[in-house]
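First the structure, in the form of structure tokens, and then the observations on it.
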Amino acid sequence: MQTLIEHARTFPTALSERREEFARLANGQRPQALFISCSDSRVIPSMFTGARPGDLFELRTAGNIVPRYRAQTGACGVAGSVEFAVQALGVPDIVVCGHSHCGAVQGLMRRQRVAEMPLVGRWLAGAGHQPGPDETAEPPAPREDLVAVTQQHVLTQIDHLRSYPFVARRLAVGRLRLHAWYYTVETGEVQAWTPASGVFRPL
Ligand code: ZN
């Protein structure tokens, strides 16, 4: 933690050559995209997209889960953040980015992994994952299965986004685009869902 504190302490000094750029940020934000990714510490969207301050409105949740829209839902930080990005900021694009080695997706595949974390279990229940017949089977699924499940999981969250009325309205008139991405931790490669071919391909 101490290295983080030291960096934060000296950050204003390090910014001395970018003072004007940062001063402009105080006038408001107009991000290029709402970027929904996992809370995982190995996934750094601004690093692999090259985003500068002000470019991404970031929403990070365990497993990049976006619960399906419910009109009568209680307080939900995800729904509120999506509404703000779309309605107030008018973002033209939303990216849902899953990643390799995702602990949340592994928890979805093997619910006993989160048996002692009821809050995580309830959060994962909103992922829209359909447990397979081998839900409790061991050993764990091979790696290629985890990739496929994670990519399908991203597409499910995209479907959930479509259930938000303000998202659906903007999609219908071409004012919003949805992107499903998959990031590989060990290579830094990003793949994107290509509807025409029905597979994820490198960007
Ligand atoms: Zn993850």
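The values are calculated or read from the model by the stated rules, or taken from the named source; none is laboratory data. A quick note: this is a predicted structure, and the numbers were derived from the prediction, not measured. Heads up, the Cβs are rebuilt from the backbone with ideal geometry, glycines too, and the neighbour counts pull from every protein chain shown. Ligands, DNA and RNA are excluded from the accessible area calculation, which covers all protein heavy atoms including side chains. Shrake-Rupley method; radii C 1.70, N 1.55, O 1.52, S 1.80 Å.
Brief remarks follow.
- Subset tally (residues that are assigned to a helix (DSSP H, G or I) and either modelled with pLDDT under 95 or under 23 Å from G126 (Cβ atoms) (or both)) for the range 171-203: 1
- Within the range 6-42, the set of residues being closer than 30 Å to E186 by Cα, of a type in the set (F, W, Y) and surrounded by 12 or more Cβ atoms within 10 Å (Cβ to Cβ) comprises just one member, F35.
- Among the residues making up the range 156-170, those that are surrounded by 12 or more Cβ atoms within 10 Å (Cβ to Cβ) and not in a loop (DSSP other than H, G, I, E, B) are T156, Q157, I158, D159, H160, L161, R162, F166, V167, A168, R169, R170.
- Of the residues making up the range 103-122, none is buried (at least 19 other Cβ atoms within 10 Å of the Cβ), farther than 26 Å from R201 by Cβ and under 16 Å from the mean Cα position of the chain (by Cα).
- When Q87, Q72 are screened for being surrounded by fewer than 19 Cβ atoms within 10 Å (Cβ to Cβ) and not in a loop (DSSP other than H, G, I, E, B), only Q87 passes.
- Some residue of the range 7-15 being away from the ligand (no atom under 16 Å from the Cβ), of a type in the set (D, E, K, R) and in contact (Cβ under 8 Å) with a residue 40 or more places away in the chain: no
- Residue match in the range 24-34 (condition: within 16 Å of the ligand (Cβ to nearest atom) and in contact with a Gly (Cβ under 8 Å, 6 or more places away or on another chain)): no
- Any hit, the range 43-52, residues being over 19 Å from R162 (Cβ atoms), hydroxyl-bearing (S, T, Y) and surrounded by fewer than 12 Cβ atoms within 10 Å (Cβ to Cβ): no
- Annotation note: of C97, C102, the sole residue that is of a type outside the set (S, T, N, Q), within 11 Å of the ligand (Cβ to nearest atom) and closer than 17 Å to I158 by Cα is C97.
- Tallying residues that are among the hydroxyl-bearing types (S, T, Y) and without any contact (Cβ under 8 Å) to a residue 60 or more places away in the chain within the range 158-203 yields 3.
- The number of residues in the range 30-50 being in a strand (DSSP E or B) and touching a helix residue (DSSP H, G or I) at 6+ places or on another chain (Cβ under 7 Å) comes to 5.
- For the range 53-69, a residue qualifies if it is near the ligand (Cβ under 10 Å from one of its atoms), part of a strand (DSSP E or B) and open to solvent by less than 30 Å² (accessible area, probe 1.4 Å), and exactly one does: T61.
- Residue check for G132: farther than 20 Å from F35 by Cβ and modelled with pLDDT under 95: yes
- Inter-residue pairs, beta-carbon under 6 Å, first in contact (Cβ under 8 Å) with a residue 60 or more places away in the chain and of a type outside the set (A, V, I, L, M, F, W, C) and in the range 59-70, second more than 10 Å from the ligand (Cβ to nearest atom) and not in a helix (DSSP H, G or I), 6+ apart: N64/I36; N64/V96; R68/S163; Y69/S163; Y69/Y164
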